[in-house]
């Protein structure tokens, strides 16, 4: 049980750090960060503001919440749900987009998909293994 608990803490914390790092990168350099994914925005201030707020702010908020959940046993199961739901939904939406667009996809988007699938699947597995309350 201790091993499962430690795995859950690590999973939730790493997922949170992932959101924090990506959010901070977007907040600091939105145009450059998105360009790495093949997304080119017009350099208008309103675009940078929106990207900083939604991608930067939302991801930083998710990251902080996940870190809180990782280190507070009371919210650990909620943390697993948030890992599964957020990363799983990102991966699912990215797959839908790739299929719907049927066009070349930048390498960074494939890397993002791999990370999203990794955390989404591990979140689901952790939830299943802790459904009896163990590790939560």
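Screening residue 18 against (1) on the phi > 0 side of the Ramachandran plot; (2) part of a helix (DSSP H, G or I) leaves a single unmet condition, (1). The single condition among (1) within 15 Å of the chain's Cα centre (by Cα); (2) free of Cβ contacts under 8 Å to residues at least 12 places away in the same chain that residue 100 does not meet is (1).
Counting only helices (runs of 4 or more DSSP H) that sit wholly inside segment 28-85, those with at least 2 residues that are under 12 Å from the mean Cα position of the chain (by Cα) are 58-70. From the list 36, 52, 76, the one residue that fits, being closer than 20 Å to residue 5 by Cα and surrounded by 14 or more Cβ atoms within 10 Å (Cβ to Cβ), is 76. Screening the candidates 28, 15 for the property of being farther than 30 Å from residue 77 by Cβ and either at pLDDT 95 or above or surrounded by 15 or more Cβ atoms within 10 Å (Cβ to Cβ) (or both) yields one hit, 28.
The values are calculated or read from the model by the stated rules, or taken from the named source; none is laboratory data. Predicted model, so just to flag it, every value in this text is computed and none were measured. Cβ sites come from the backbone with ideal geometry, for glycine too, and all protein chains shown count toward neighbours.
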